[in-house]
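Q: One structure, as C-alpha cells, below. Some questions next.
The numbers here are math on the coordinates, done by the rules we state, and not lab data. Predicted, not measured: the structure shown is a model, and the values here were computed from it. Cβ coordinates were reconstructed from backbone atoms using ideal geometry, including for glycine residues, and neighbour counts include every protein chain displayed.
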Amino acid sequence: MCRNIKTLYNFDPPATDDEIHAAALQYVRKISGFAGPSAANEAAFHRAVEDVQMASARLLSSLVTAAPPKNREIEAAKTHSRARRK
C-alpha cells in the first residue's frame, strides 16, 4: 500500500472530502504508475479518482466501531516520532 495514504476512519472530526479525494488520488497514481496522466488517459484517470473517492466515502460512512475516535494531533505526533526514530 502507498505509504502516503493515511488512515481516515474513526477520527474526530471525521475525514473531509478533500482528505478522501487526496487518498483516492494517491491510490490511483500508485496503481496506474502515473503521477499525472497523459492527455489520452486523462479522462480515465480522473474518472478512476472519482470512483475511488465515492467508494471510499461510502465505506467510511458505513463502518461502525465501539472504539473512541482518535485525535488527529496525537496520531500525527506518533507518526512524526516514528519517522524521527528511523
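Q: Using only the Cα atoms of the chain, each taken as one equal point scatterer with no solvent, compute I(q) by the Debye sum, divide by I(0), and report log10 of the ratio at q = 0.13, 0.14, 0.17, 0.21 Å⁻¹.
A: -0.52, -0.59, -0.81, -1.04
Q: I would also like to ask the following. Answer with one residue from 32, 45, 8: the one whose Cα lies farthest towards the positive end of the charge dipole of the range 1-49, charges on Cβ with Lys, Arg +1 and Asp, Glu -1.
A: It is 32, whose Cα lies furthest towards the positive end.
Q: Let me spell out the model: positive unit charges on the Cβ of Lys and Arg, negative unit charges on the Cβ of Asp and Glu, origin at the Cα centre of the chain. What dipole size does that give, in debye rounded to 20?
A: Working: 13 positive and 9 negative charges, 140 e Å.
In debye, rounded to 20, the chain gives about 680.
Q: By counting other Cβ atoms within 10 Å of each Cβ, how are 63, 8 ranked from fewest to most?
A: Values: 63 8, 8 17.
Least to most surrounded, the residues fall as 63, 8.
Q: Now for a separate question. Can you pull the one-decimal nm distance between simple spin-label points at residue 85 and residue 21, each 7 Å off the Cα toward Cβ?
A: 3.6 nm
Q: Can you show me the helix-derived [θ] at 222 nm for the chain, built from DSSP H runs with n ≥ 4 at -39,500 (n - 2.57) apiece and divided by the number of residues, rounded to the nearest 500.
A: On the way: 3 runs with 51 residues, N = 86.
It lands at -20000 deg cm²/dmol.
Q: Would you work out the Kirkwood radius for the range 15-61? I mean one over the mean of 1/r across all pairs of different Cα atoms, in Å. Show your work: numbers first, answer last.
A: Details: mean 1/r = 0.0932 Å⁻¹.
10.7 Å is the Kirkwood radius here.
Q: Now for a separate question. Report the net charge of residues surrounding residue 77, where surrounding means a beta-carbon distance below 12 angstrom and charges are Lys +1, Arg +1, Asp -1, Glu -1. Kindly include the intermediate steps, with their values, before the conclusion.
A: Working: positive: 70, 72, 78, 82, 84; negative: 73, 75.
Net of charged neighbours comes to +3.
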